[in-house]
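Read through the structure below, which is laid out as structure tokens, and then see the notes.
Here, each number is a calculation from the coordinates, and none is a lab measurement. Computed from a predicted model, the values in this text were never measured in an experiment. Neighbour counts run over all protein chains shown; Cβ positions are idealised from the backbone, glycine included.
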């Protein structure tokens, strides 16, 4: 696998930008220099993130989201070289 996260990724399994293997590897997001843990989807090239708003859901059970513009920096939380090593 590449050490660079994809340009666009979504946690929603119904999205065409969903990739379960990458999500299992652990993708972290820095948005405007701040760590975000409630990101539902991001796009680096277009410069936006879609964040979950509280615990509210729509009638289909999907979280309500807000789209924010700004610099997006995705990274892998666990690299493949450190996963096999014991601490």
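Taking the range 2-17, which residues are surrounded by fewer than 17 Cβ atoms within 10 Å (Cβ to Cβ), touching a strand residue (DSSP E or B) at 6+ places or on another chain (Cβ under 9 Å) and closer than 19 Å to residue 78 by Cα?
Hits for the range 2-17 are 3, 4, 6, 7.
State which residue pairs qualify: first residue in contact (Cβ under 8 Å) with a residue 12 or more places away in the chain and at positive phi and inside the range 49-70, second residue assigned to a strand (DSSP E or B) and surrounded by 11 or more Cβ atoms within 10 Å (Cβ to Cβ) in any location, beta carbons under 7 Å apart, and separation of 6 or more residues or different chains.
70/31
For the range 44-63, how many residues meet the condition of being surrounded by 10 or more Cβ atoms within 10 Å (Cβ to Cβ) and assigned to a loop (DSSP other than H, G, I, E, B)?
Initially, the range 44-63 is screened for residues surrounded by 10 or more Cβ atoms within 10 Å (Cβ to Cβ), giving 44, 46-53, 57, 62-63.
The next check asks that each one be assigned to a loop (DSSP other than H, G, I, E, B); those that pass are 44, 46-47, 62.
Count: 4.
Could you check how many residues of the range 18-43 are part of a strand (DSSP E or B) and surrounded by 12 or more Cβ atoms within 10 Å (Cβ to Cβ)?
Count: 12.
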